[in-house]
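J.: Before anything else, here's the structure in question.
The values are calculated or read from the model by the stated rules, or taken from the named source; none is laboratory data. All figures in this text were calculated on a predicted structure; none of them were measured in a lab. Here the Cβ positions follow ideal geometry from the backbone for every residue, glycine too, while neighbour counts run over all protein chains shown. Note: accessible area is taken over every heavy atom of the protein model, side chains too, but ligands, DNA and RNA are not part of it. Shrake-Rupley method; radii C 1.70, N 1.55, O 1.52, S 1.80 Å.
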Amino acid sequence: MTRTKIASLLSQYELGQEVLVKGWVRSFRNNQFIQLNDGSTIKNIQAVIEFENWNENELKRITTGAALAIKGTVVESTGAGQAIEIQVKELDILGDANPEEVAKTVMQPKRHSLEYLREQAHLRFRTNVFGAVFRIRHAVSYAIHQFFNDRGFYYLHTPIITGSDAEGAGEMFRVSTLDPKNPPLNEQGEIDWSEDFFGKQVNLTVSGQLEAELGALALGQVYTFGPTFRAENSNTARHLAEFWMIEPEVAFNDLEDNMNLTEEFLKHICNYVLTNCKDDLEFLNEREKNEQKQKPQNERNELTLAERLEFVVANSFERITYTKAIELLQDSKPFKKKQFKYPVEWGTDLQSEHERYLVEKHFKKPVIITDYPASFKAFYMRQNEDGKTVAAMDVLFPGIGEIVGGSQREERLDVLKKKCADFNIPEEEIWWYLDTRRFGSVPHSGFGLGFERMVMFVTGMTNIRDVIPFPRTPKNCEF
Ligand code: 4AD
Ligand code: MG
(Lines give C-alpha, C1' and ligand atoms only; values in the text may rest on other atoms or scores of the structure.)
(Ligands and ions follow the chains in the order given, each with its own letter.)
Protein backbone atom coordinates (compact mmCIF):
# COMPACT_ATOMS: atom_id res chain seq x y z
CA MET A 1 0.00 0.00 0.00
CA THR A 2 1.42 3.41 -0.86
CA ARG A 3 1.54 6.13 1.72
CA THR A 4 -0.98 8.96 1.54
CA LYS A 5 0.24 12.35 2.67
CA ILE A 6 -1.95 13.99 5.29
CA ALA A 7 -2.41 17.12 3.15
CA SER A 8 -3.71 15.00 0.24
CA LEU A 9 -5.93 12.93 2.50
CA LEU A 10 -7.57 15.97 4.08
CA SER A 11 -8.26 17.59 0.73
CA GLN A 12 -9.60 14.43 -0.96
CA TYR A 13 -11.02 11.33 0.70
CA GLU A 14 -13.82 8.80 0.64
CA LEU A 15 -15.42 7.54 3.81
CA GLY A 16 -14.64 3.85 4.24
CA GLN A 17 -11.42 4.15 2.27
CA GLU A 18 -8.36 2.23 3.54
CA VAL A 19 -5.24 4.36 3.93
CA LEU A 20 -1.66 4.19 5.07
CA VAL A 21 -0.27 7.33 6.71
CA LYS A 22 3.12 7.91 8.26
CA GLY A 23 4.23 10.73 10.50
CA TRP A 24 5.24 11.90 13.96
CA VAL A 25 3.03 11.93 17.03
CA ARG A 26 2.03 15.39 18.20
CA SER A 27 -0.01 14.09 21.12
CA PHE A 28 -1.63 10.92 22.44
CA ARG A 29 -4.66 11.25 24.72
CA ASN A 30 -6.59 8.72 26.82
CA ASN A 31 -4.69 5.81 25.27
CA GLN A 32 -6.97 6.39 22.30
CA PHE A 33 -6.50 9.58 20.27
CA ILE A 34 -3.30 10.11 18.31
CA GLN A 35 -2.61 13.43 16.60
CA LEU A 36 -0.24 12.69 13.73
CA ASN A 37 1.62 15.21 11.57
CA ASP A 38 3.79 14.44 8.54
CA GLY A 39 4.93 17.94 7.56
CA SER A 40 2.77 18.14 4.44
CA THR A 41 0.35 20.51 6.19
CA ILE A 42 0.00 22.33 9.47
CA LYS A 43 -3.04 20.14 10.17
CA ASN A 44 -2.81 16.85 12.03
CA ILE A 45 -4.86 13.78 11.30
CA GLN A 46 -6.51 12.11 14.27
CA ALA A 47 -6.04 8.36 14.44
CA VAL A 48 -8.23 6.52 16.92
CA ILE A 49 -7.30 3.19 18.46
CA GLU A 50 -9.52 0.81 20.39
CA PHE A 51 -7.18 0.28 23.24
CA GLU A 52 -8.65 -3.05 24.40
CA ASN A 53 -7.15 -4.48 21.23
CA TRP A 54 -3.61 -3.29 21.89
CA ASN A 55 -1.01 -4.51 24.24
CA GLU A 56 0.15 -2.14 26.91
CA ASN A 57 3.82 -2.22 25.95
CA GLU A 58 3.00 -1.07 22.44
CA LEU A 59 0.78 1.72 23.76
CA LYS A 60 3.58 2.99 25.97
CA ARG A 61 5.71 3.55 22.91
CA ILE A 62 3.20 5.93 21.32
CA THR A 63 4.75 9.08 22.72
CA THR A 64 5.06 12.65 21.50
CA GLY A 65 7.72 12.75 18.80
CA ALA A 66 7.64 9.02 17.96
CA ALA A 67 7.33 8.07 14.27
CA LEU A 68 4.42 5.84 13.30
CA ALA A 69 3.00 4.07 10.29
CA ILE A 70 -0.76 3.69 10.57
CA LYS A 71 -3.10 1.67 8.41
CA GLY A 72 -6.79 2.14 8.89
CA THR A 73 -10.20 3.21 7.67
CA VAL A 74 -11.28 6.77 6.97
CA VAL A 75 -14.39 7.56 9.00
CA GLU A 76 -16.35 10.69 9.85
CA SER A 77 -14.93 12.31 12.95
CA THR A 78 -17.06 12.81 16.01
CA GLY A 79 -14.61 15.38 17.41
CA ALA A 80 -14.88 19.09 16.76
CA GLY A 81 -12.69 20.86 14.20
CA GLN A 82 -11.99 17.90 11.93
CA ALA A 83 -14.11 16.26 9.24
CA ILE A 84 -12.44 12.84 9.30
CA GLU A 85 -10.30 10.57 11.37
CA ILE A 86 -8.64 7.21 10.89
CA GLN A 87 -9.82 4.09 12.69
CA VAL A 88 -6.56 2.28 13.29
CA LYS A 89 -6.23 -1.34 12.10
CA GLU A 90 -2.46 -1.70 12.08
CA LEU A 91 0.15 0.39 13.79
CA ASP A 92 3.93 0.21 13.45
CA ILE A 93 6.33 2.18 15.55
CA LEU A 94 9.01 3.29 13.13
CA GLY A 95 11.06 5.30 15.58
CA ASP A 96 10.75 5.76 19.34
CA ALA A 97 11.09 9.03 21.21
CA ASN A 98 11.97 8.71 24.86
CA PRO A 99 9.49 10.82 26.91
CA GLU A 100 12.17 11.82 29.43
CA GLU A 101 14.29 13.23 26.65
CA VAL A 102 11.30 14.76 24.87
CA ALA A 103 10.46 16.63 28.08
CA LYS A 104 13.74 18.50 27.71
CA THR A 105 12.94 19.70 24.18
CA VAL A 106 10.65 22.04 22.29
CA MET A 107 8.28 19.09 21.76
CA GLN A 108 7.05 19.50 25.28
CA PRO A 109 3.53 20.89 24.76
CA LYS A 110 3.80 24.43 26.04
CA ARG A 111 4.61 27.85 24.63
CA HIS A 112 8.30 28.26 23.91
CA SER A 113 10.20 31.39 23.02
CA LEU A 114 11.56 31.60 19.49
CA GLU A 115 15.05 32.05 20.96
CA TYR A 116 14.73 28.71 22.70
CA LEU A 117 13.40 27.03 19.55
CA ARG A 118 16.38 28.34 17.61
CA GLU A 119 18.71 26.31 19.82
CA GLN A 120 17.18 23.02 18.64
CA ALA A 121 18.27 22.77 15.03
CA HIS A 122 16.22 19.67 14.26
CA LEU A 123 13.19 19.87 16.50
CA ARG A 124 12.21 23.43 15.71
CA PHE A 125 11.10 22.12 12.30
CA ARG A 126 8.51 19.98 14.10
CA THR A 127 6.77 22.96 15.67
CA ASN A 128 3.70 24.51 14.06
CA VAL A 129 5.27 27.89 13.69
CA PHE A 130 8.41 26.72 11.89
CA GLY A 131 6.51 24.18 9.83
CA ALA A 132 4.37 27.06 8.58
CA VAL A 133 7.33 29.39 8.01
CA PHE A 134 9.37 26.88 6.03
CA ARG A 135 6.44 25.72 3.91
CA ILE A 136 5.80 29.38 3.06
CA ARG A 137 9.52 29.94 2.40
CA HIS A 138 9.33 27.16 -0.17
CA ALA A 139 6.18 28.62 -1.73
CA VAL A 140 7.86 32.02 -2.07
CA SER A 141 10.84 30.50 -3.92
CA TYR A 142 8.48 28.76 -6.27
CA ALA A 143 6.47 31.95 -6.85
CA ILE A 144 9.71 33.76 -7.72
CA HIS A 145 10.77 31.24 -10.34
CA GLN A 146 7.24 31.21 -11.72
CA PHE A 147 7.13 35.01 -12.00
CA PHE A 148 10.35 35.21 -14.01
CA ASN A 149 9.73 32.13 -16.10
CA ASP A 150 6.29 33.45 -17.12
CA ARG A 151 7.95 36.67 -18.30
CA GLY A 152 10.71 35.02 -20.33
CA PHE A 153 13.62 35.60 -17.92
CA TYR A 154 16.47 33.09 -17.76
CA TYR A 155 17.70 31.79 -14.42
CA LEU A 156 21.43 32.50 -14.43
CA HIS A 157 23.69 30.70 -11.97
CA THR A 158 26.31 33.19 -10.91
CA PRO A 159 29.40 32.09 -8.98
CA ILE A 160 29.66 31.77 -5.23
CA ILE A 161 33.45 32.24 -5.30
CA THR A 162 34.55 35.49 -6.88
CA GLY A 163 37.46 37.88 -7.04
CA SER A 164 35.33 41.04 -7.06
CA ASP A 165 33.52 43.06 -4.41
CA ALA A 166 30.35 44.05 -6.30
CA GLU A 167 29.02 46.39 -3.63
CA GLY A 168 32.42 47.81 -2.76
CA ALA A 169 31.60 47.72 0.94
CA GLY A 170 34.58 45.52 1.86
CA GLU A 171 32.41 43.06 3.75
CA MET A 172 33.72 39.87 2.21
CA PHE A 173 34.54 36.46 3.57
CA ARG A 174 37.91 35.29 2.26
CA VAL A 175 38.20 31.88 0.64
CA SER A 176 41.67 30.39 0.88
CA THR A 177 43.44 27.04 0.97
CA LEU A 178 46.60 28.46 2.51
CA ASP A 179 47.67 27.12 5.88
CA PRO A 180 46.78 29.97 8.29
CA LYS A 181 49.56 28.92 10.67
CA ASN A 182 52.22 28.80 8.03
CA PRO A 183 51.29 30.83 4.93
CA PRO A 184 53.84 31.33 2.13
CA LEU A 185 55.47 34.74 2.38
CA ASN A 186 56.88 37.00 -0.35
CA GLU A 187 60.14 38.94 -0.19
CA GLN A 188 58.45 41.72 1.78
CA GLY A 189 57.33 39.19 4.38
CA GLU A 190 53.65 39.50 3.41
CA ILE A 191 51.36 36.59 2.57
CA ASP A 192 52.01 35.49 -1.01
CA TRP A 193 48.50 35.11 -2.39
CA SER A 194 49.83 33.95 -5.75
CA GLU A 195 50.49 30.65 -3.98
CA ASP A 196 46.81 30.35 -3.06
CA PHE A 197 44.41 28.00 -4.89
CA PHE A 198 43.22 30.56 -7.44
CA GLY A 199 46.54 32.40 -7.62
CA LYS A 200 45.02 35.47 -5.98
CA GLN A 201 42.77 36.56 -3.11
CA VAL A 202 39.16 35.51 -3.64
CA ASN A 203 35.93 35.81 -1.65
CA LEU A 204 32.43 34.54 -1.20
CA THR A 205 30.13 36.66 -3.35
CA VAL A 206 28.22 39.59 -1.86
CA SER A 207 26.00 39.83 -4.95
CA GLY A 208 25.61 38.16 -8.34
CA GLN A 209 24.76 41.42 -10.03
CA LEU A 210 27.91 42.12 -12.02
CA GLU A 211 27.83 38.64 -13.55
CA ALA A 212 24.06 38.98 -14.15
CA GLU A 213 24.75 42.15 -16.16
CA LEU A 214 26.97 40.14 -18.50
CA GLY A 215 24.11 37.70 -19.00
CA ALA A 216 21.47 40.40 -19.47
CA LEU A 217 23.49 42.18 -22.17
CA ALA A 218 23.30 39.04 -24.27
CA LEU A 219 20.23 37.10 -23.16
CA GLY A 220 18.09 40.19 -22.62
CA GLN A 221 16.64 39.42 -19.22
CA VAL A 222 18.05 37.15 -16.54
CA TYR A 223 17.75 36.65 -12.80
CA THR A 224 19.90 35.07 -10.14
CA PHE A 225 18.62 33.36 -7.01
CA GLY A 226 21.42 32.24 -4.79
CA PRO A 227 23.19 32.57 -1.47
CA THR A 228 25.17 35.74 -0.81
CA PHE A 229 27.55 36.45 2.03
CA ARG A 230 28.34 39.57 3.99
CA ALA A 231 30.80 39.85 6.80
CA GLU A 232 29.09 42.90 8.26
CA ASN A 233 29.18 42.78 12.00
CA SER A 234 25.56 43.82 12.47
CA ASN A 235 23.77 41.85 15.11
CA THR A 236 20.28 43.01 14.18
CA ALA A 237 16.98 41.26 13.56
CA ARG A 238 17.30 42.06 9.82
CA HIS A 239 20.87 40.98 9.00
CA LEU A 240 22.40 37.61 8.24
CA ALA A 241 25.96 36.79 7.26
CA GLU A 242 24.56 34.30 4.73
CA PHE A 243 21.32 35.23 3.03
CA TRP A 244 19.60 34.54 -0.28
CA MET A 245 19.13 37.18 -2.90
CA ILE A 246 17.12 37.38 -6.11
CA GLU A 247 18.66 39.71 -8.67
CA PRO A 248 16.87 40.32 -11.97
CA GLU A 249 18.76 42.29 -14.61
CA VAL A 250 17.09 43.63 -17.76
CA ALA A 251 18.61 45.12 -20.90
CA PHE A 252 16.87 48.26 -22.22
CA ASN A 253 15.06 48.96 -18.90
CA ASP A 254 15.42 52.37 -17.28
CA LEU A 255 14.79 53.22 -13.63
CA GLU A 256 11.05 53.63 -14.16
CA ASP A 257 10.77 50.20 -15.82
CA ASN A 258 12.82 48.84 -12.92
CA MET A 259 10.39 50.25 -10.35
CA ASN A 260 7.43 48.85 -12.28
CA LEU A 261 9.03 45.40 -12.43
CA THR A 262 9.84 45.45 -8.69
CA GLU A 263 6.34 46.46 -7.74
CA GLU A 264 4.72 43.81 -9.93
CA PHE A 265 7.14 41.21 -8.57
CA LEU A 266 6.54 41.95 -4.89
CA LYS A 267 2.77 41.99 -5.45
CA HIS A 268 2.97 38.66 -7.22
CA ILE A 269 4.73 37.08 -4.21
CA CYS A 270 2.16 38.43 -1.71
CA ASN A 271 -0.68 37.31 -3.94
CA TYR A 272 0.82 33.86 -4.36
CA VAL A 273 1.08 33.37 -0.59
CA LEU A 274 -2.49 34.62 -0.05
CA THR A 275 -3.80 32.16 -2.64
CA ASN A 276 -1.62 29.12 -2.04
CA CYS A 277 -0.62 29.09 1.63
CA LYS A 278 -4.01 29.57 3.26
CA ASP A 279 -3.69 27.19 6.23
CA ASP A 280 -0.18 28.24 7.20
CA LEU A 281 -1.00 31.92 6.74
CA GLU A 282 -4.12 31.59 8.87
CA PHE A 283 -2.10 29.96 11.62
CA LEU A 284 0.56 32.68 11.56
CA ASN A 285 -2.13 35.36 11.40
CA GLU A 286 -3.80 34.03 14.56
CA ARG A 287 -0.45 33.61 16.25
CA GLU A 288 0.43 37.23 15.57
CA LYS A 289 -2.98 38.45 16.75
CA ASN A 290 -2.44 36.67 20.08
CA GLU A 291 1.04 38.14 20.43
CA GLN A 292 -0.28 41.60 19.69
CA LYS A 293 -2.75 41.34 22.56
CA GLN A 294 0.18 41.14 24.99
CA LYS A 295 1.53 44.47 23.75
CA PRO A 296 0.54 47.99 24.78
CA GLN A 297 -2.02 49.56 22.42
CA ASN A 298 0.45 52.00 20.83
CA GLU A 299 2.88 49.23 19.86
CA ARG A 300 0.34 47.05 18.09
CA ASN A 301 0.18 46.63 14.33
CA GLU A 302 -2.66 48.49 12.68
CA LEU A 303 -3.27 45.67 10.23
CA THR A 304 -3.12 41.91 10.70
CA LEU A 305 -0.60 39.85 8.74
CA ALA A 306 -3.11 38.81 6.09
CA GLU A 307 -4.42 42.37 5.80
CA ARG A 308 -0.88 43.63 5.24
CA LEU A 309 -0.41 41.22 2.32
CA GLU A 310 -3.77 42.21 0.85
CA PHE A 311 -2.82 45.84 1.25
CA VAL A 312 0.41 45.41 -0.73
CA VAL A 313 -1.43 43.64 -3.54
CA ALA A 314 -4.17 46.28 -3.76
CA ASN A 315 -2.27 49.56 -3.41
CA SER A 316 0.39 51.25 -5.48
CA PHE A 317 3.74 51.94 -3.83
CA GLU A 318 4.65 55.53 -3.03
CA ARG A 319 7.55 56.79 -5.18
CA ILE A 320 9.64 59.73 -3.99
CA THR A 321 13.15 61.02 -4.53
CA TYR A 322 15.75 61.00 -1.79
CA THR A 323 15.74 64.82 -1.85
CA LYS A 324 11.99 64.85 -1.23
CA ALA A 325 12.40 62.26 1.53
CA ILE A 326 14.90 64.50 3.31
CA GLU A 327 12.46 67.43 3.07
CA LEU A 328 9.63 65.33 4.49
CA LEU A 329 11.82 64.15 7.34
CA GLN A 330 12.99 67.66 8.17
CA ASP A 331 9.33 68.71 8.26
CA SER A 332 8.35 65.85 10.54
CA LYS A 333 7.43 65.96 14.23
CA PRO A 334 10.23 63.65 15.40
CA PHE A 335 12.77 65.87 13.60
CA LYS A 336 11.39 69.04 15.14
CA LYS A 337 11.25 67.44 18.57
CA LYS A 338 14.83 66.19 18.07
CA GLN A 339 13.73 62.57 18.44
CA PHE A 340 15.87 61.15 15.63
CA LYS A 341 19.17 59.74 16.81
CA TYR A 342 20.95 60.32 13.50
CA PRO A 343 21.17 63.60 11.55
CA VAL A 344 18.76 64.24 8.68
CA GLU A 345 20.51 66.34 6.09
CA TRP A 346 21.04 66.08 2.37
CA GLY A 347 24.05 63.89 1.71
CA THR A 348 23.77 61.47 4.64
CA ASP A 349 22.34 57.98 4.29
CA LEU A 350 18.87 57.30 5.68
CA GLN A 351 18.91 55.31 8.91
CA SER A 352 16.29 52.74 9.80
CA GLU A 353 14.55 55.21 12.17
CA HIS A 354 14.05 57.56 9.17
CA GLU A 355 12.87 54.78 6.88
CA ARG A 356 10.44 53.58 9.54
CA TYR A 357 9.01 57.05 9.96
CA LEU A 358 8.41 57.46 6.22
CA VAL A 359 6.88 54.02 5.69
CA GLU A 360 5.04 53.38 8.94
CA LYS A 361 4.00 56.85 10.08
CA HIS A 362 3.93 59.13 7.06
CA PHE A 363 2.86 57.09 4.00
CA LYS A 364 1.69 53.90 5.73
CA LYS A 365 2.49 51.87 2.63
CA PRO A 366 5.53 50.57 0.73
CA VAL A 367 7.74 53.40 -0.47
CA ILE A 368 10.32 53.50 -3.27
CA ILE A 369 13.00 56.11 -2.70
CA THR A 370 15.02 57.05 -5.78
CA ASP A 371 17.96 59.20 -6.84
CA TYR A 372 20.24 58.97 -3.84
CA PRO A 373 23.49 60.95 -3.53
CA ALA A 374 26.27 59.15 -5.40
CA SER A 375 28.54 59.46 -2.35
CA PHE A 376 27.13 56.46 -0.47
CA LYS A 377 25.97 54.28 -3.36
CA ALA A 378 27.81 51.67 -5.42
CA PHE A 379 30.14 52.45 -8.33
CA TYR A 380 27.94 50.87 -11.03
CA MET A 381 24.89 53.13 -10.55
CA ARG A 382 24.04 55.54 -13.36
CA GLN A 383 25.00 59.15 -12.74
CA ASN A 384 22.10 61.62 -13.06
CA GLU A 385 22.28 64.90 -14.99
CA ASP A 386 22.73 66.89 -11.76
CA GLY A 387 26.15 65.24 -11.28
CA LYS A 388 25.36 64.65 -7.59
CA THR A 389 22.80 61.86 -7.55
CA VAL A 390 22.53 58.40 -9.11
CA ALA A 391 19.56 56.48 -10.59
CA ALA A 392 19.23 54.26 -7.52
CA MET A 393 16.11 52.93 -5.85
CA ASP A 394 15.41 51.35 -2.48
CA VAL A 395 12.07 49.77 -1.68
CA LEU A 396 11.03 50.11 1.96
CA PHE A 397 8.35 47.89 3.50
CA PRO A 398 6.41 48.44 6.72
CA GLY A 399 7.92 46.50 9.62
CA ILE A 400 10.93 45.47 7.52
CA GLY A 401 12.65 48.58 6.19
CA GLU A 402 14.76 48.10 3.06
CA ILE A 403 13.60 45.00 1.23
CA VAL A 404 14.94 45.77 -2.26
CA GLY A 405 17.93 47.76 -3.51
CA GLY A 406 18.42 48.43 -7.20
CA SER A 407 19.39 50.92 -9.87
CA GLN A 408 19.77 51.79 -13.49
CA ARG A 409 23.37 50.92 -14.35
CA GLU A 410 26.01 53.27 -15.72
CA GLU A 411 26.18 52.17 -19.36
CA ARG A 412 28.60 54.90 -20.58
CA LEU A 413 32.12 53.47 -20.68
CA ASP A 414 33.91 56.76 -20.04
CA VAL A 415 31.74 57.63 -17.03
CA LEU A 416 32.05 54.12 -15.63
CA LYS A 417 35.84 54.12 -16.02
CA LYS A 418 36.01 57.35 -14.08
CA LYS A 419 33.83 55.81 -11.36
CA CYS A 420 36.15 52.80 -11.16
CA ALA A 421 39.08 55.14 -10.71
CA ASP A 422 37.24 57.08 -7.97
CA PHE A 423 36.42 53.83 -6.18
CA ASN A 424 39.98 52.45 -6.57
CA ILE A 425 38.87 49.54 -8.73
CA PRO A 426 41.76 48.70 -11.08
CA GLU A 427 40.61 48.39 -14.71
CA GLU A 428 42.77 45.32 -15.21
CA GLU A 429 40.74 43.56 -12.51
CA ILE A 430 37.31 44.53 -13.79
CA TRP A 431 37.97 44.41 -17.57
CA TRP A 432 35.46 41.56 -17.95
CA TYR A 433 32.71 43.85 -16.60
CA LEU A 434 33.81 46.90 -18.59
CA ASP A 435 33.57 44.75 -21.74
CA THR A 436 29.77 44.94 -21.47
CA ARG A 437 30.12 48.69 -22.09
CA ARG A 438 32.50 48.17 -25.00
CA PHE A 439 30.43 45.95 -27.25
CA GLY A 440 26.94 47.33 -27.85
CA SER A 441 26.34 48.86 -24.43
CA VAL A 442 22.69 49.72 -23.69
CA PRO A 443 20.77 51.23 -20.80
CA HIS A 444 19.87 48.47 -18.35
CA SER A 445 18.57 48.06 -14.83
CA GLY A 446 18.09 45.55 -12.09
CA PHE A 447 17.51 45.09 -8.41
CA GLY A 448 18.15 42.71 -5.53
CA LEU A 449 15.43 41.37 -3.26
CA GLY A 450 16.57 40.11 0.14
CA PHE A 451 14.78 36.76 0.18
CA GLU A 452 14.66 36.39 3.96
CA ARG A 453 13.31 39.91 4.41
CA MET A 454 10.51 39.01 2.00
CA VAL A 455 9.81 35.81 3.94
CA MET A 456 9.70 37.89 7.13
CA PHE A 457 7.09 40.13 5.55
CA VAL A 458 4.80 37.32 4.39
CA THR A 459 5.06 35.31 7.62
CA GLY A 460 5.02 38.20 10.10
CA MET A 461 8.16 36.88 11.81
CA THR A 462 10.10 39.73 13.37
CA ASN A 463 13.56 38.17 13.55
CA ILE A 464 15.36 37.17 10.35
CA ARG A 465 16.91 34.18 12.17
CA ASP A 466 13.43 32.65 12.30
CA VAL A 467 12.87 32.52 8.54
CA ILE A 468 16.05 30.70 7.44
CA PRO A 469 16.60 27.04 8.37
CA PHE A 470 20.21 27.51 9.49
CA PRO A 471 20.96 31.13 10.40
CA ARG A 472 24.53 32.40 10.12
CA THR A 473 25.18 35.43 12.30
CA PRO A 474 28.28 36.81 14.04
CA LYS A 475 29.69 34.24 16.51
CA ASN A 476 27.02 31.74 15.56
CA CYS A 477 27.78 28.84 13.23
CA GLU A 478 27.24 25.78 15.41
CA PHE A 479 25.00 23.78 13.06
O1 4AD B 1 20.99 46.75 -1.30
P2 4AD B 1 21.90 45.59 -1.61
O3 4AD B 1 23.23 45.58 -0.98
O4 4AD B 1 21.99 45.56 -3.20
C5 4AD B 1 22.77 44.72 -3.93
O6 4AD B 1 23.44 43.82 -3.50
C7 4AD B 1 22.63 44.96 -5.43
N8 4AD B 1 23.73 44.28 -6.09
C9 4AD B 1 21.29 44.48 -5.89
C10 4AD B 1 21.09 44.69 -7.38
O11 4AD B 1 20.88 45.81 -7.79
N12 4AD B 1 21.14 43.64 -8.17
O13 4AD B 1 21.17 44.25 -1.21
C14 4AD B 1 19.91 43.93 -1.76
C15 4AD B 1 18.95 43.47 -0.69
C16 4AD B 1 18.66 44.49 0.39
O17 4AD B 1 17.68 45.40 -0.01
C18 4AD B 1 18.20 43.61 1.54
O19 4AD B 1 16.84 43.25 1.36
C20 4AD B 1 19.04 42.37 1.35
O21 4AD B 1 19.50 42.36 0.01
N22 4AD B 1 20.18 42.33 2.25
C23 4AD B 1 20.29 41.54 3.34
N24 4AD B 1 19.45 40.62 3.85
C25 4AD B 1 19.85 39.96 4.95
N26 4AD B 1 21.02 40.14 5.56
C27 4AD B 1 21.91 41.05 5.09
N28 4AD B 1 23.10 41.20 5.70
C29 4AD B 1 21.55 41.80 3.92
N30 4AD B 1 22.17 42.75 3.18
C31 4AD B 1 21.33 43.04 2.18
MG1 MG C 1 20.92 48.46 -0.15
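J.: Taking the solvent-accessible surface of protein heavy atoms with a 1.4 Å probe, what is the per residue accessible area of the chain in Å²?
T.: For the chain, the solvent-accessible area averages 50 Å² per residue.
J.: For Asn253, list long-range residues whose amide hydrogen, built 1.01 Å from N in the peptide plane, is under 5 Å from its own amide hydrogen.
T.: Ser445
J.: To continue, here is another question. Could you tell me the distance between the Cα centroids of segment 328-348 and segment 383-397, to the nearest Å?
T.: The distance from the Cα centre of segment 328-348 to that of segment 383-397 comes to 20 Å.
J.: Same structure again: What per residue convex hull volume, in Å³, do the alpha-carbon atoms of segment 423-479 yield?
T.: Working: hull volume 10.9 nm³, N = 57.
Taking only Cα atoms, segment 423-479 has a hull volume of 192 Å³ per residue.
J.: Out of the GluC sites (Glu not before Pro) in segment 277-325, which ones are loop residues according to DSSP with at most 13 other C-beta atoms within 10 Å?
T.: Glu302
J.: Using a cut-off of 13 Å between beta-carbons, work out the net charge of the residues near Ile425 (Lys and Arg +1, Asp and Glu -1, Ile425 not included).
T.: Net charge around Ile425: -4.
J.: Net charge near Asn182, counting Lys/Arg +1 and Asp/Glu -1 over other residues with Cβ under 13 Å of its Cβ?
T.: On the way: positive: Lys181; negative: Asp179, Asp192, Glu195.
Result for the local shell: -2.
J.: Still on this structure: Around Ala212, under 13 Å between beta carbons, what's the net of Lys plus Arg minus Asp minus Glu among the other residues?
T.: -3
J.: Right, something else. Ignoring the sites themselves, what is the longest stretch of the chain with no trypsin sites (Lys or Arg not before Pro) in a DSSP loop and at most 11 other beta-carbon atoms within 10 Å?
T.: 201-336
J.: Take the alpha carbon atoms of segment 361-381, find their center, do the same for segment 415-433, and report the distance between the two centers in whole angstrom.
T.: 24
J.: Another question about this same structure. Please give the peptides 441-450, 50-59 ranked by average Cβ packing (other Cβ atoms within 10 Å per residue), highest first, as a rough proxy for protection.
T.: Final packing ranking: 441-450, 50-59.
J.: Determine the distance separating the Cα centre of segment 60-97 from the Cα centre of segment 100-150; give it in Å without decimals.
T.: The distance from the Cα centre of segment 60-97 to that of segment 100-150 comes to 23 Å.
J.: Can you return the lysines within cross-link range of Lys324? Criterion is Cα-Cα under 19 Å, with same-chain partners fewer than 8 residues away left out.
T.: Result set, ordered by chain and number: Lys333, Lys336, Lys361, Lys364, Lys365, Lys377, Lys388.
J.: Evaluate the distance, in nm, between pseudo-label points positioned 7 Å from the Cα of Glu429 and of Ser352 along their respective Cα→Cβ axes.
T.: 3.0
J.: Step through the residues of segment 348-362 one at a time and calculate ³J(HN,Hα) from phi using the Karplus curve (6.51 cos²θ - 1.76 cosθ + 1.60, θ = phi - 60°), rounding each to whole Hz and writing x for Gly and Pro.
T.: 9, 6, 6, 9, 4, 4, 6, 4, 4, 4, 4, 7, 8, 9, 7
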